[in-house]
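The values are calculated or read from the model by the stated rules, or taken from the named source; none is laboratory data. Just so it is clear, the model here is predicted, and its values are computed rather than measured. Here the Cβ positions follow ideal geometry from the backbone for every residue, glycine too, while neighbour counts run over all protein chains shown. Areas reflect the complete protein model, heavy atoms only, side chains present, ligands, DNA and RNA absent. Shrake-Rupley method; radii C 1.70, N 1.55, O 1.52, S 1.80 Å.
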Amino acid sequence: MRIPFNKVYIAGDEEKYLLDSLYSGRHCGNHSYCKKVISLMKEKHSFNEIFLVPSGTAALEMGALLAGIKPGDEVILPSYTFSSTVNSIVIFGAIPVFCEVEKETMNIDASKIEELITPKTKMILPIDYAGISCEIDKIMEIAEKYELIVMQDCAQSYGSYYKGKACGTQAHIATFSFHETKNFNAGEGGALMVNKKEWRERAYFLQEKGTDRRLVLKGVKNKYSWVDIGSSYLLSDILAAILLAQLEKEDEVKEIRSKITKAYLELFSDYNNNISFFQLSKNVEINHHAFWVVFDTKENSEQFMTLLREKNIAAYIGYLPLHSSKKGMTFGYQPEDLPITEHLASKIVRMPFYTDLGKEGLDYCIKSMKEVLNKIYN
Ligand SMILES: Cc1ncc(COP(=O)(O)O)c(C=O)c1O
């Protein structure tokens with residue numbers, strides 16, 4: 001049996017919707033399938049204003065543009081994240097200020113944010129690693145105290161909750177990814193959630209290449225013109241058709257994936273003297289996006305992945321910290337500047353996790369992992 005790390009899931013109606021969209025005569029953004037996706041998302045999770053965009057990366061960039069990130073602004077974010085998170089502000093000339101993570105979630109350690117704030121700080125940019133919400137309440141409190149903007153990178157947390165509210169509803173702006181590696185995918189796709197009321201109208205201009213085309217569509221004007229900066233931050237209706245089919249099956253997908261989390265939790269609980277894994281606070285409900293563990297040593301984590309590979313199972317490392325990357329070090333960072341992040345990231349392993357894993361695949365993973373762990377630790 002071969003178990004890849006990730007596999008695209010077909011929920012059922014993708015082909016039907018795709019062909020319908022293909023022959024509808026309209027393929028561009030903000031058309032019928034985009035509208036259907038947006039109303040489904042709002043109905044399901046009580047989101048505010050939603051902008052469907054070409055990727056999670058584009059959502060972050062549009063968010064940074066909307067937030068007015070400028071050269072010299074400082075943005076506080078975890079070093080343990082994807083390059084897109086940091087690039088979204090660096091492309092506008094901002095300076096990343098990397099914060100440590102907490103070991104229970106690998107999310108930004110909210111208790112260490114305040115000490116990094118300077119007069120140049122403009123934004124806090126947390127992520128929800130593996131679909132587990134960051135401590136968004138605490139982060140919003142800090143932001144309010146210092147008048148900062150919060151953009152939450154929810155690339156991995158569509159359908160997760162924090163204190164009974166969907167991830168993506170609490171920060172000023174938040175972003176999702178619908179890349180093929182996520183629970184729900186459009187191939188490539190994303191969404192920007194604009195919760196700050198005063199920014200919503202302008203977000204339409206930014207999304208539509210800096211034009212007021214929205215006012216034409218609303219019947220307010222008969223010809224649109226250039227009114228602002230902007231870019232083409234639109235998801236094609238063809239891709240929205242795929243996404244709709246996926247999102248319509250959200251509950252089923254969550255149920256299937258929850259069984260994977262449960263099986264991995266049971267397995268790794270037997271090795272908790274040597275291996276730690278995420279600890280969920282009572283505030284958090286997860287979407288079962290991923291499962292990660294931290295080994296006691298780097299050697300054991302590497303041996304685990306190697307021995308699994310011999311059994312045709314792909315388990316992977318997580319992110320390489322940004323502060324100690326080639327680009328991160330150009331901002332003056334050294335690996336030892338964030339010892340907790342560096343230490344945890346060197347020993348983290350992510351298990352294969354996808355909706356189609358099936359009982360047979362999951363049983364094979366658990367049995368193989370048990371054999372490998374017993375070999376390493378007995
Ligand atoms: C935390 C985080 N932010 C942003 C992104 C970028 O999303 P996309 O691939 O849709 O551009 C990813 C992608 O995996 C991610 O994990």
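In sequence order, what are the phi-derived ³J(HN,Hα) couplings for the stretch 53-70 according to the Karplus relation 6.51 cos²θ - 1.76 cosθ + 1.60 with θ = phi - 60°, rounded to whole Hz, with x for glycine and proline?
10, x, 6, x, 4, 5, 4, 5, 5, 5, x, 5, 5, 5, 6, x, 5, 10
Stretch Glu147-Lys165 to full length: gain in nm at 0.36 nm per residue minus the Cα-Cα span?
4.2 nm is the gain from fully extending Glu147 to Lys165.
Roughly how many Å² of Lys42 are accessible to a 1.4 Å probe, to the nearest 10?
80
Return the sequence-ordered ³J(HN,Hα) values of the stretch 153-164 in whole Hz as given by the Karplus equation 6.51 cos²θ - 1.76 cosθ + 1.60 applied to θ = phi - 60°, using x for Gly and Pro.
Using θ = phi - 60°, the values come out as 7, 9, 3, 9, 10, 4, x, 8, 10, 9, 6, x Hz.
With the chain treated as a Gaussian network of Cα nodes joined by springs under 10 Å, which of Pro321, Pro126, Pro78 yields the largest mean-square fluctuation?
Highest fluctuation among the options: Pro321.
Counting only Cα atoms, I'd like the Rg/Rh figure for the stretch 233-304, Kirkwood definition for Rh.
Rounded to two decimals, Rg over Rh is 1.14.
Select from Ala263, Tyr161, Phe176 the residue farthest towards the positive end of the dipole of the chain; place +1 on Cβ of Lys and Arg, -1 on Cβ of Asp and Glu, and compute about the Cα centre.
Phe176
Run the 1.4 Å probe and let me know the accessible area of Thr261, rounded to the nearest 10 Å².
10
What percentage of the solvent-accessible surface of the stretch 49-191, computed with a 1.4 Å probe over protein heavy atoms, is contributed by carbon and sulfur atoms?
52
Please calculate how many Å² of accessible area the chain carries per residue, with a 1.4 Å probe and no DNA, RNA or ligand atoms counted. Mind dumping the intermediate values first?
Details: 16570 Å² over 378 residues.
That works out to 44 Å² per residue.
With no solvent and one point on each alpha carbon, what is the Debye value of log10 I(q)/I(0) for the chain at q = 0.06 Å⁻¹?
Results for the chain at q = 0.06 Å⁻¹ read -0.23.
Excluding ligands and nucleic acids, what accessible area in Å² is computed for Cys134 using a 1.4 Å probe, to the nearest 10?
About 0 Å², rounded to the nearest 10.
Could you give each residue of the stretch 332-340 its phi-based ³J(HN,Hα) in whole Hz, using Karplus coefficients 6.51, -1.76, 1.60 with θ = phi - 60°, and x for Gly or Pro?
Those phi angles translate into x, 7, 10, x, 6, 5, 10, x, 5 Hz.
Once you have the Cα-Cα distance between Glu115 and Glu336, take 0.36 nm times their residue separation minus that, and quote the gain in nm to one decimal. Write out the running numbers ahead of the final one.
Values: separation 221, 0.36 × 221 = 79.56 nm, distance 1.78 nm.
Once the chain is fully extended between Glu115 and Glu336, it gains 77.8 nm.
Quote the charge dipole size of the stretch 250-377 about the Cα centre in Debye, to the nearest 20; the model charges only the Cβ of Lys and Arg (+1) and of Asp and Glu (-1).
180
With point charges of +1 on the Cβ of Lys and Arg and -1 on the Cβ of Asp and Glu, referenced to the Cα centre of the stretch 91-155, which listed residue (Ser133, Ile91, Ser111) lies farthest in the positive direction of the dipole?
Ile91
Please list, in chain and number order, the residues 5+ apart from Ser79 or on another chain whose amide H is under 5 Å from its amide H, with Hs placed from the backbone.
Excluding prolines and chain starts, which carry no amide H, the hits are Cys99.
For Ile313, which sequence-distant residues (separation of 5 or more, or a different chain) have an amide H within less than 5 Å of its own amide H, given hydrogens modelled in the peptide plane?
Result for Ile313 returns Ile3.
If each Cα of the stretch 250-377 is one equal point scatterer, what is log10 of I(q)/I(0) from the Debye formula at q = 0.14, 0.19, 0.21, 0.22 Å⁻¹?
For the stretch 250-377, the Cα-only Debye profile gives -0.69, -1.10, -1.24, -1.30.
For a Förster distance of 30 Å, can you work out the FRET efficiency between the beta-carbons of Ile91 and Lys259, rounded to the nearest 0.05?
Given R0 = 30 Å and the Cβ-Cβ separation, E is 0.15.
Just to verify a number: FRET efficiency for Lys298 and Lys223, C-beta to C-beta distance, R0 = 51 Å, to 0.05?
0.25
From Cα pairs below 8 angstrom and at least 6 apart in sequence, can you work out the relative contact order of the chain, rounded to a whole percent?
Reported as a whole number, the value is 23 percent.
Give me, ordered by chain and number, the residues 5 or more places off Val150 or on other chains with an amide H under 5 Å from its own placed amide H.
Amide H neighbours of Val150: Ile124, His172, Ile173.
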